[in-house]
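Participant: Here it is, the structure, as C-alpha cells.
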Amino acid sequence: MEQVETVTAGSKGKWSLREVILMALIGIAFGVIYFIMDPVYTALDAVLVPLGLHQYTIAITIGPWMMAAPLASYLLKRVGAGLIGELLGATGEALLGGYWGVATLISGFIQGIGSELGFTLTGYKSWKMGLILSTFTGTCVTFIWSLFHDGYLQFDFGMLVGLFIVRWISIAFFAGLLVYWTVNLLEKSKLLKTNR
C-alpha cells in the first residue's frame, strides 16, 4: 500500500548535520554541473544564432540549470530547501568562473523561487505532486523573468508559445523526470535514507 507523503517532524525545526552536509553536496555537485553547462549553452547558441533562434538556446538548456532546487526539496523535504539548493549551485558556478559571473546568483534566485513555489502550492505535504508542480511553476516564473530580462516582450504570440513549450519540456525532463529518477536510484542504492 502506498504511503501518503506528508511533512515529517524532521522537516521542521533545526537542520541536522546530515541535512546540512547533503545540501552542501548538492550545491557543490550542481555548481560543477552548471559550470559545465556554460560551454554547452555557447555551442548550441553558435548553431541557433545564425538561424535567428537565439532565444531557443535559453529555452532548451534551462532544464539542467534548474535541477538543484527540486532535488534539494525532494530529498530533504524541508521548506526553503529548493531555494537554498539552487542558490548554492549558482554560487558554485559563479565561483568556478561561470560565464555570467555574479549575475548567476540572480538567475539562481529566480529559478529557486520558481521551483520552490511548486512545493509551496501543496503546503509541503505531497512531495511527488510538488515535484510535478515545480516544473510548471518554475517554467512560469522563469518565463515571466525572460519577458523582461531577455526581451521576450518583443516577440509575437506564436514565438512566445513556442518558447514557453520548449522551456517547459526542458524543465519537465531535467528538473522533473530526471530528478525523480535520481531520487529513486539513490533510495534503491540505500545511499540515502529519505523521509518518503
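Participant: Restricting attention to region 156-177, and to residues there that are hydrophobic (A, V, I, L, M, F, W, C) and open to solvent by less than 50 Å² (accessible area, probe 1.4 Å), which single residue is farthest from ALA103 (Cα to Cα)?
Facilitator: For region 156-177, the residue satisfying everything is MET159.
Participant: Let me ask something else about it. Name the residue, out of GLY27, GLY52, GLY63, GLY85, that is closer than 29 Å to MET159 by Cβ, crowded, with 19+ Cβ neighbours inside 10 Å and not β-branched (Val, Ile, Thr).
Facilitator: Values: GLY27 fails: closer than 29 Å to MET159 by Cβ; GLY52 fails: crowded, with 19+ Cβ neighbours inside 10 Å; GLY85 fails: closer than 29 Å to MET159 by Cβ.
Going through GLY27, GLY52, GLY63, GLY85 in turn, just one is closer than 29 Å to MET159 by Cβ, crowded, with 19+ Cβ neighbours inside 10 Å and not β-branched (Val, Ile, Thr): GLY63.
Participant: Please specify each residue of region 99-117 satisfying the condition of being of a type in the set (Gly, Ala, Ser), touching a helix residue (DSSP H, G or I) at 6+ places or on another chain (Cβ under 7 Å), open to solvent by 10 Å² or more (accessible area, probe 1.4 Å) and on the phi < 0 side of the Ramachandran plot. Don't jump to the end; show me each part of the working.
Facilitator: Looking only at region 99-117, we keep the residues that are of a type in the set (Gly, Ala, Ser), and these are 101, 103, 107-108, 112, 114-115.
Now narrow it down to the ones that are touching a helix residue (DSSP H, G or I) at 6+ places or on another chain (Cβ under 7 Å): 101, 107-108, 112, 114-115.
Adding the requirement that they be open to solvent by 10 Å² or more (accessible area, probe 1.4 Å) leaves 101, 107.
Correct list: SER107 only.
Participant: Collect the residues in region 47-72 that are part of a helix (DSSP H, G or I), in contact with a helix residue (DSSP H, G or I) (Cβ under 9 Å, 6 or more places away or on another chain), hydrophobic (A, V, I, L, M, F, W, C) and within 24 Å of GLY162 (Cα to Cα), keeping them in residue-number order. Please lay out each step first, then the result.
Facilitator: Residues of region 47-72 part of a helix (DSSP H, G or I): 47-51, 54-61, 64-66, 68-72.
In the following step, the residues that additionally are in contact with a helix residue (DSSP H, G or I) (Cβ under 9 Å, 6 or more places away or on another chain) were identified as 47-49, 54-61, 64-66, 68-72.
Those still in the list that are hydrophobic (A, V, I, L, M, F, W, C) too: 47-49, 58-60, 65-66, 68-69, 71-72.
If the condition is that a residue be part of a helix (DSSP H, G or I), in contact with a helix residue (DSSP H, G or I) (Cβ under 9 Å, 6 or more places away or on another chain), hydrophobic (A, V, I, L, M, F, W, C) and within 24 Å of GLY162 (Cα to Cα), then VAL47, LEU48, VAL49, ILE58, ALA59, ILE60, TRP65, MET66 are the ones that fit.
Participant: Here's another thing I want to ask about it. Could you tell me which numbered condition LYS190 fails, if it satisfies all but one of (1) touching a residue at least 12 places away in the same chain (Cβ under 8 Å); (2) surrounded by fewer than 16 Cβ atoms within 10 Å (Cβ to Cβ); (3) of a type outside the set (Asp, Glu); (4) not in a helix (DSSP H, G or I)?
Facilitator: (1)
Participant: When both residues are 6+ apart or on different chains and their Cβ atoms are under 8 Å apart, which pairs have a first residue that lies in region 18-44 and is under 17 Å from THR61 (Cβ atoms), and a second that is of a type in the set (Ser, Thr, Tyr) and open to solvent by less than 70 Å² (accessible area, probe 1.4 Å)?
Facilitator: GLY31/THR91; TYR34/THR104; MET37/THR61; VAL40/THR61; TYR41/THR57; TYR41/THR61; LEU44/THR57; LEU44/THR61
Participant: Continuing with this model, one more query. Can you spot a residue in region 118-126 that is open to solvent by 70 Å² or more (accessible area, probe 1.4 Å), on the phi < 0 side of the Ramachandran plot and out of contact with any Phe, Trp or Tyr (no Cβ under 8 Å at 6 or more places or on another chain)?
Facilitator: Scanning region 118-126, I find at least one residue that is open to solvent by 70 Å² or more (accessible area, probe 1.4 Å), on the phi < 0 side of the Ramachandran plot and out of contact with any Phe, Trp or Tyr (no Cβ under 8 Å at 6 or more places or on another chain), so the answer is yes.
Participant: Would you call GLY63 modelled with pLDDT of 90 or more and closer than 19 Å to SER170 by Cα?
Facilitator: Working: modelled with pLDDT of 90 or more: yes; closer than 19 Å to SER170 by Cα: yes.
The answer is yes for GLY63.
The values are calculated or read from the model by the stated rules, or taken from the named source; none is laboratory data. Note that the coordinates shown come from a computational prediction; the quantities given were computed from them, not determined experimentally. Glycine gets a Cβ as well: all are built from the backbone with ideal geometry, and neighbour counts include every protein chain shown. The protein model used for the area step is the full one, side chains on, heavy atoms only, and it has no ligands, DNA or RNA in it. Shrake-Rupley method; radii C 1.70, N 1.55, O 1.52, S 1.80 Å.
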